[in-house]
1. Do you know which residues across the stretch 34-56 are among the aliphatic types (A, V, I, L, M), surrounded by 15 or more Cβ atoms within 10 Å (Cβ to Cβ) and assigned to a strand (DSSP E or B)?
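The values are calculated or read from the model by the stated rules, or taken from the named source; none is laboratory data. Remember, predicted model here, so these are calculated numbers, not experimental data. Here the Cβ positions follow ideal geometry from the backbone for every residue, glycine too, while neighbour counts run over all protein chains shown.
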Amino acid sequence: MKGMFKDIAGNEACNIRFNIPEKLGEGITAYNDNSAAIAKGDVVMLVPGYLAGKELLAKTAVTRAIYTYTAVAIEAIADAKIGKFQISGECEAFVEGTTDVAAGNTLVVNNTNGNEFVYEAAAIANITTATAAVSRDAQAAAGNVLTTVVLTGERHLIS
């Protein structure tokens with residue numbers, strides 16, 4: 001996975017899927033449309049874009065969205081650059097632990113901070129239409145901590 005994917009003209013390519021076999025997952029390239037750098041482990045929404053080189057946009061999830069994909073940055077990505085994101089499988093993502101997260105809890109996107117997962121007690125370890133990941137590790141720190149999660153790889157609600 002070293003280097004960036006290129007199109008036939010040699011430009012960085014957006015919306016290219018690739019396998020991550022060691023994580024039993026799948027990745028995708030997207031344009032950072034967040035108006036700020038994205039850190040490794042940040043949780044983002046993937047939304048369609050309509051300009052060449054910006055066909056898929058990565059944004060922090062600060063608003064409601066219906067059936068969107070969630071991804072986790074697998075590298076630091078500067079603003080207005082194309083980078084690599086993971087959309088399924090096991091990865092390290094930021095998880096907010098103010099409400100204690102136990103291994104096996106279902107996680108939703110925290111649309112207050114927008115760049116992390118949070119345990120939603122209402123879901124109580126049940127898969128819901130908002131479930132984006134399942135925690136592999138416990139996380140009880142009151143803050144944004146890199147934690148091992150398994151991404152569902154499915155579209156879901158952000159509410």
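1. The answer is 38, 43, 44, 45, 46, 47, 56.
Here is a yes/no grid of residues against (1) modelled with pLDDT under 85; (2) surrounded by fewer than 16 Cβ atoms within 10 Å (Cβ to Cβ); (3) not aliphatic (A, V, I, L, M):
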| residue | (1), (2), (3) |
| --- | --- |
| 7 | yes, yes, yes |
| 10 | yes, yes, yes |
| 15 | yes, no, yes |
| 24 | no, yes, no |
| 29 | no, no, yes |
| 58 | no, no, no |
| 63 | yes, yes, yes |
| 91 | no, no, yes |
